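Worksheet for the structure shown next.
Only the coordinates and a few stated rules stand behind these numbers; no lab work does. Computed from a prediction, not measured in an experiment: that's the story for all the values here. With ideal geometry, Cβ positions are generated from the backbone for all residues, glycine too; neighbour counts draw on all protein chains shown.
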Amino acid sequence: MIEVEHLVKQYGEVHAVNGISFTVAEGEIFGLLGHNGAGKTTTIRMLTGRTLPTSGKVCVAGFDVVEHLDRVKPLINLVFEEPNLYERLTGRENLRFFAELYAVDAKRPDELLALVDLLDAADRKVKTYSSGMRQRLLVARALINDPRALFLDEPTRGLDPTSARELRDLVAGLSDKGTTVFLTTHYMEEADELCDRVAFLSHGEIVALDAPRELKLRYGQRTARVLLTNRQEETIRLDDPADAARLEQWMQQGHVLTLHSQEGTLEDVFIELAGRPL
Amino acid sequence: MHPRMIQSIFKKDLKDAIRDSRVLVAILVPLGIGILYNFIFNDTTPAPSATIAWHADGSTRLLDTLQGIAGDSVKLTVDQQPSADAVRSTMTDKDADIGIIVPANFDVQIAQGGMPQLTVLLPETSTFAGNYVAAAIDPAIRSMAGQRDPAQIAISRVASDTSSDSIFDRIGLRRYFVLFAVILEIGMIAMLAVPIILTEEVEKRTMEALVLVASYVDIVIAKALVGIAYIVVASVLLLSVTRVVPERIVLFVLAALALGITMIGFGLLLGGLFRSANQLNTWGGVVLLPVIAPAFIVGLPIPGWLETICDFLPTSQGARVMIDSTANQSYFGQTWLSFVVIIAWALAAYTLLVYRLARRTE
């Protein structure tokens, strides 16, 4: 669905994005992770046709984003990080405006307002909405054209846990229906839970790209937490023969109360690759 | 360019902007100023008026004769009093310009050469109209007495050379200041309201959502059309309320549109220079002043070098055509040159705008 080849964006001497390549399959949820300034926003801007690449190629649904932007625009949409809504218009007016722009069915705004549970507040001006309601309206707006590829830029930032959970469930549901989802996030658990594959971006380059489980297995330290009969807790490395010997000894002596295996987290992988946490 | 999207953005902006108090103020202030000027100023100097506190014992032709002499020169208002004392009291209270007390059988006595006593009361500081009436009493009485005029006076009106008349003589103070308000309206919509709409889109990042579906060109055209729509509605409203009808209405409309489109171009450029709509709202007036000031000095006695500068400015040229189209005769002339100057500035503004928009996606 999304094909990126040797994508470069240069501002003067600075390489904001430095030759990244990847593909995202139809219906896949793809996460792009990285520090602030790593190049995530620039990448998403180029993927959505809002910034011209210095070199390289981006195709969405087979159309070159630079050459055939008018063909790409109806197929994509984006949930922005900021609640960039028209605050003096009502929720319904906001959606109706974008429905007109995309030339979609006039009933679509109300369907989406119902989907994001905003039908009761549809005729209130957006400036009276809470941040959670705004975020839900942003999602509804991004779905107005029933996009084949949906981009989400930090979609759950600032949301309370319940709203964030609802949004994640909504995104997962979209993917189940075949929508391709491309998201950037700072929340590793979110990426771990939602994404089929993630890419770590550092200084404009992709340093790792794979399914979260594979990355954790490849880069994470395989450990186990052991609670001993003397209530002492020990962490042992499963790859370390010395630790394995210690565990065997505790088992033989009957000192082990509980044993929990622990796989690495995406956070660990990121620290391993990028040198510091997100 | 996508006409359907332009139409959608245009409709949204019309609805959204009118709910913005900053835009509303930019539109309503010149409208209010124009209506205020309409009440303050007159196109022609009104004839002076005199109030006569009047009492006559019996009937007399004196009042009719005085009104005949005054004609259109002085408008007479007669305040009939029940007695001579009431006339005096009215004069003491300064409620009349002149008091006249006519004795009984006045007309008969005049006709018989009886020299009746007519009492005329003037305040300590008399008005022009009061003095005029007082001076007219003598010829009125002579006429009533049947005395022949010593000479025949022939009055005829002579067409004068109007080339040296000021703008105010040509179109009248009221119409000049209503035009002032129309140009101010164009300026405030183009250089404040439209840039506020654009800057707010960038500031609130709604522009980002718009360009996901529309192009920058669509967005800018829609904003320009919103400005033109507001200019048309506000100008028509202002001219209707003040009942100022330009003599050459097509020329007036063309000049107002050309000036509006040009200034909107610069307004849209201005919008790109400010980070926030509030910042623009605060400082936009400072930018507006030098842009719009040349419109208000054309035709006034200004130094030659300033006149030359005005020759090259769109606002002064727009004002010249609008004044010419409001008057029944051309005051400035060279209408074509005015349009050339305005169109040249429009081309410059929109070329710069296209250049700026092209850079936004790089």
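Remarks
- Based on C-alpha pairs under 8 angstrom that are at least 6 apart in sequence, chain B has a relative contact order of 20 percent.
- What the Cβ-Cβ distance of residue A:117 and residue B:11 gives, at R0 = 25 Å and to the nearest 0.05, is a FRET efficiency of 0.35.
- Tensor-based shape of the stretch A:221-262 (alpha-carbon gyration tensor, a/c under 1.5 rounded, otherwise prolate or oblate): oblate
- Proportion of all alpha-carbon pairs of the stretch B:299-347 beyond 16 Å (%): 37
- Zero-based 20 Å bins, Cα pair distances in the protein assembly as shown, whole percents: 15, 30, 23, 15, 10, 5, 2, 0
- At most 12 other Cβ within 10 Å, DSSP loop - trypsin sites (Lys or Arg not before Pro), the stretch A:95-201: A:107, A:177
- Taking all pairs of distinct alpha-carbon atoms in chain A, Kirkwood radius in angstrom: 20.8
- Treating each Cα of the stretch A:176-278 as an identical point scatterer and summing with the Debye formula, the log10 of I(q)/I(0) at q = 0.14, 0.20, 0.21 Å⁻¹ comes to -0.66, -0.97, -1.02.
- For the pair residue B:148 and residue B:347 in one chain, pulling the backbone fully straight at 0.36 nm per residue adds 64.2 nm over the alpha carbon distance.
- Spin-label pair residue A:21/residue B:233, simplified geometry with 7 Å Cα→Cβ offset, distance in nm: 5.6
- Along each principal axis, taking the top coordinate minus the bottom one, the Cα set of the stretch B:49-144 gives 35, 30, 19 Å in descending order.
- For residues of B:211-224, the mean tally of beta carbons on other chains within 10 Å: 3
- Once the Cα atoms are used to define both axes, helix A:131-142 deviates from the longest principal axis of chain A by about 70 degrees.
- Proximal lysines to residue A:125, defined as alpha-carbon separation beneath 29 angstrom and excluding residues fewer than eight positions away on the same chain: A:73, A:107, B:11, B:12, B:15, B:204, B:223
- For the stretch B:45-102, the equivalent ellipsoid derived from the alpha-carbon gyration tensor has semi-axes of 20, 15, 6 Å in decreasing order.
- 5 angstrom amide H check on residue B:51, placed H, neighbours 5+ away: B:77, B:97, B:98
- Note on the stretch B:140-202: Cα-Cα pairs beyond 20 Å make up 66% of the total pair count.
- Shielding by other protein chains, B:4-17, mean Cβ within 10 Å: 3
- Put a dot 7 Å past the Cα of residue B:282, heading toward its Cβ, do the same for residue A:105, and the two dots end up 4.9 nm apart.
- Rg and Dmax of chain B, both derived from C-alpha coordinates alone, stand at 30.6, 104 Å.
- The packing ranking, built from the mean of other Cβ atoms within 10 Å per residue, places the peptides B:106-117, A:81-92 in the order A:81-92, B:106-117, highest first.
- Based on DSSP H segments of at least four residues, each scored -39500 (n - 2.57), the protein assembly as shown has a per-residue ellipticity at 222 nm of -15500 deg cm²/dmol.
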